[in-house]
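J.: Handing you a structure now.
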Amino acid sequence: MEGLIYKDLQLFFRSQWLDKKLLVIAAGTIVLLMTQTGEYGGLLSSIMLALTVSIQNILIVSSDEEACWPAYLRTLPVSSRQAVGGKYLAVLCTLAVSAAGSVVLHLLSGLFFGGGSLFLLKLSVCCAVVIPLLWTGLCLPLTYWFGFRAAQAMGLLLVIPLFCLVKFFEDGPGLAALPAALSHGLALALGGAVLLFALSYGVSVLGFRRKGRH
């Protein structure tokens, strides 16, 4: 199973989707957030980075389908639990990228724009972990049951409430109220994300077995 994890991590860091498209969009958005939101730039940039990590994990599935990897995977001497587990463990490994990147973005925001508080740092790192867990926990089962297109559609739907949330605070009570609002439900969100991710694995295993019988 170590080889499966290694394969997904290689795709995560070297995929043409990340290099040519997603990275440019994410970098531009992060720079814009840093320069326009002041002390909250680190938090909002961390959310954008978490979205990028989430999307990249799902895009890997697209490259797998284009290369007919699922069909080849079923010929390998691995169980369905191991085949799906490799994907889920690779996602957990990418959380380190999201969390570490969040710390760097927070420090840069504090250095150039102020607001480098420990509270905002903790909030940023938590968002960097919770968002990919929720995203992949919802999208991966759809992938294993219905294919990449279903996961892609769900991913697009998940972006909407996050951007609406930021827009609401920007136009309404102000960004200053965003950290407090996020912190109230963060512990619940983290617990829910971990539970969803664990349940998602079981559902994905069933979907992988179902497709293998077709």
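The values are calculated or read from the model by the stated rules, or taken from the named source; none is laboratory data. All values reported here derive from a predicted model rather than from experimental measurement. For neighbour counting, all protein chains shown are included, and Cβ atoms are generated from backbone atoms with ideal geometry for every residue, glycine included. SASA here: full protein model, heavy atoms, side chains in, ligands and nucleic acids out. Shrake-Rupley method; radii C 1.70, N 1.55, O 1.52, S 1.80 Å.
J.: Based on DSSP H runs of at least 4 residues, each adding -39500 (n - 2.57), what is the mean residue ellipticity at 222 nm of the chain after dividing by all its residues, to the nearest 500 deg cm²/dmol? Kindly include the intermediate steps, with their values, before the conclusion.
T.: Values: 9 runs with 179 residues, N = 214.
That comes out to -29000 deg cm²/dmol.
J.: Moving to a separate point now. Calculate, for Ala177 and Leu118, the FRET efficiency according to 1/(1 + (r/R0)^6) with r their C-beta to C-beta distance and R0 22 Å; round to the nearest 0.05.
T.: 0.70
J.: So if each residue of separation counts as 0.36 nm, and I subtract the Cα-Cα distance between Val194 and Ala67, what length gain in nm does that give?
T.: Result for the pair: 42.7 nm of gain on full extension.
J.: Something else: How do Met154, Met1 stack up against each other in accessible area, from largest to smallest, with a 1.4 angstrom probe?
T.: Sorted descending by solvent-accessible area, the residues read Met1, Met154.
J.: I've got another one for you. About the Cα centre of the chain, what is the dipole size in debye to 20, counting +1 per Lys and Arg Cβ and -1 per Asp and Glu Cβ, all else neutral?
T.: With Lys and Arg at +1 and Asp and Glu at -1, about 760 debye.
J.: Of the listed values (i) 75, 35, 24; (ii) 55, 33, 27; (iii) 60, 55, 48, grab the one calculated as Cα extents along the principal axes in Å from the structure here.
T.: Derived directly from the coordinates: (ii).
J.: Keeping all protein chains in place, calculate the accessible area per residue for the chain (probe 1.4 angstrom), answer in Å².
T.: Heavy-atom SASA per residue in the chain reads 51 Å².
J.: Over the chain, how many pairs of lysines fall under 27 Å by alpha carbon, counting only those 8 or more apart in sequence or from different chains?
T.: 9
J.: First compute the accessible area of the chain with a 1.4 Å probe, then give the percent of it belonging to carbon and sulfur atoms.
T.: 72
J.: Further question on the same structure: Ranked by accessible surface with a 1.4 Å probe, highest first, in what order do Ile131, Ile25 come?
T.: Ranking Ile131, Ile25 by accessible area, largest first, yields Ile25, Ile131.
J.: Among Tyr72, Val129, Gly28, whose Cα sits farthest toward the positive end of the charge dipole of the chain (+1 at Cβ of Lys/Arg, -1 at Cβ of Asp/Glu, about the Cα centre)?
T.: In the chain, that residue is Tyr72.
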